[in-house]
Amino acid sequence: MKQVNDAHETEYEALPDVVVSAPGRFHLLGEHSWFCKDKTLSMAVNLPVYVAVSIREDSSLRFYFPQLNERKRASLTSLKFRREDRWANAVKAIIYGFTSGGFDLKGMNITIYSDILPSAGFGITTAIKIGTAVAVRELFSLHCSDDELLQVIERGNNLFLNTGNYLADNFAALYAKEDSLIITDHAKAAWDYVPFDFPGHVVMLLDARVPRISLWNEETVREPENVLLLGELKDIKPNVYGGWTYTPNTTDINEVLTVAGEEMRRRLICIMQEHKFLLQAREGILTGQFGLFARSVNNSHISMRDLYEISCPEIDWILKRIGELEPNLEDVRNPVTCGRITGKGFGRCLYAIIRESDRDAFKANLKDYERIFGFHPACYEVKPVQGAHVVDSK
């Protein structure tokens, strides 16, 4: 906190009026199926982004990112997307979201402070947006409900950045609770909490540093005709969490998906399986059955690798080593570790949930990974934390 204040004061010769902390995050399951009104299981983590803001006397906007030693400029009267502004575009998008909604703002000095850079993933760009939104609301004492704040963020994403507005990203950064996971129900635009407590286990979040290469266009899965096909395979089940599930009837699945090509058929089946794995993972968490939870996570990665085709040899190698931490490799129904690729698109990140006693072995495997593949991974031990909140305000 002192470092944030010091950085802001050194840059602008004034202490911030407001400082907000917003968490990083990763998705455990379901980040590829939001488009068909499915569910996403996420964890906000202790990789914070701090947004420090002070009011200016003019309409100018100044942006500073100490870890990058970068400074950007803009004005309330001429907010424009500039490719070279990179991280600052996320801040400008939120300011645009406010002004385009009729909120009256003044010029600001803004410091973005994060030891994890946006290029790493882990929800850092979303944390910048959410942190900025909460800070601006607090700074100007705006009459802006949470629902209106979500509309501000949506306008910034859709109209300024021309990108998707992902509810699971926003909900995790804004509403997360300590020691809990958050489930986004995209059909209801709502969220729910799942207390997360598996004693003796730790969560490791890893950037494998593999170059990002897209092998196929994920947008092709999100075509309306594919959404309609999956809709035909949904069964209303009042006793199931969320009120529905996909049919397990193989004949019905084959009949409905026969119009899709073989590659698309595999990917749509993956989406269907992901819903089942998410529900099983939730049940495992709520009942304290780590084996059920871990099996669901591991099966999800296999499905993402073999059917959705988004993994890579480097990530698969790491996850195989995680599986080898098992005391009994034959007992696949009751694993003591689990892991999965994570991130929308073709990411290079993964998470692993291992026993505390396996930390050293896990880190030794990462040294082997670096020696074999030549990539230097970044690894963080994380835990579920609170969503965006004000940590200092004058």
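Numbers at a glance
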read-out: For segment 171-276, the fraction of alpha-carbon pairs in successive 5 Å shells from zero, as %; value: 2, 8, 15, 16, 15, 17, 14, 10, 3, 0
read-out: Simple spin-label estimate for E263 and L117 in nanometres, 7 Å along Cα-Cβ; value: 3.2
read-out: For segment 1-142, convex hull of alpha carbons as volume per residue, Å³; value: 125
read-out: Accessible area (Å², per residue) of the chain, counting only protein heavy atoms and a probe of 1.4 Å; value: 44
read-out: Gyration tensor verdict on segment 297-390 (Cα atoms; rounded if a/c is under 1.5, prolate if a/b is larger than b/c, oblate otherwise); value: rounded
read-out: Relative compactness, the chain, computed as alpha-carbon Rg over 2.2 N^0.38 Å; value: 1.02
read-out: Cβ-derived FRET efficiency at R0 51 Å, D360 paired with R71, nearest 0.05; value: 0.75
read-out: Cβ-defined net charge surrounding T250, 15 Å radius [Lys, Arg +1; Asp, Glu -1]; value: -1
read-out: Fraction of accessible area attributable to carbon and sulfur, segment 292-394 (%, probe 1.4 Å); value: 48
read-out: Percent accessible area from carbon and sulfur atoms, segment 1-117, protein chains only, probe 1.4 Å; value: 44
read-out: Neighbourhood charge, 12 Å Cβ-Cβ cut-off, centred on Y166 and excluding it, Lys, Arg +1 and Asp, Glu -1; value: 0
read-out: Contour excess over end-to-end distance, with Cα ends at L105 and N328 and 0.36 nm allotted per residue; value: 74.2 nm
read-out: Gain on full stretching of the segment that runs from L15 to D306 - 0.36 nm per residue minus C-alpha separation; value: 99.5 nm
read-out: Sum of side-chain charges, E370 neighbourhood, beta-carbon under 15 Å (Lys, Arg +1; Asp, Glu -1); value: +3
read-out: Protein accessible area in segment 138-241, 1.4 Å probe - carbon and sulfur %; value: 50
read-out: Global geometry of segment 208-345, whether rounded, prolate or oblate, following the gyration tensor of its Cα atoms and the 1.5 cut on a/c; value: oblate
read-out: Selected from A14, A120, A88 as most flexible by GNM, with the chain as the system and alpha-carbon contacts under 10 Å; value: A14
read-out: Relative contact order computed over segment 15-115 (Cα-Cα under 8 Å; 6+ residues apart), in percent; value: 32
read-out: Inter-label distance for D252 and S214, nm, one decimal - labels placed 7 Å from Cα along Cα-to-Cβ; value: 3.4
read-out: Span from the segment 1-53 Cα centroid across to the segment 240-303 one, whole angstrom; value: 31
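The values are calculated or read from the model by the stated rules, or taken from the named source; none is laboratory data. Note that the structure is a prediction, hence the values are computed from the model and not measured. Positions of Cβ are backbone-derived with ideal geometry, glycine not excepted, and every protein chain shown enters the neighbour counts. We work out accessible area using only protein heavy atoms, side chains counted, and drop any ligands, DNA or RNA first. Shrake-Rupley method; radii C 1.70, N 1.55, O 1.52, S 1.80 Å.
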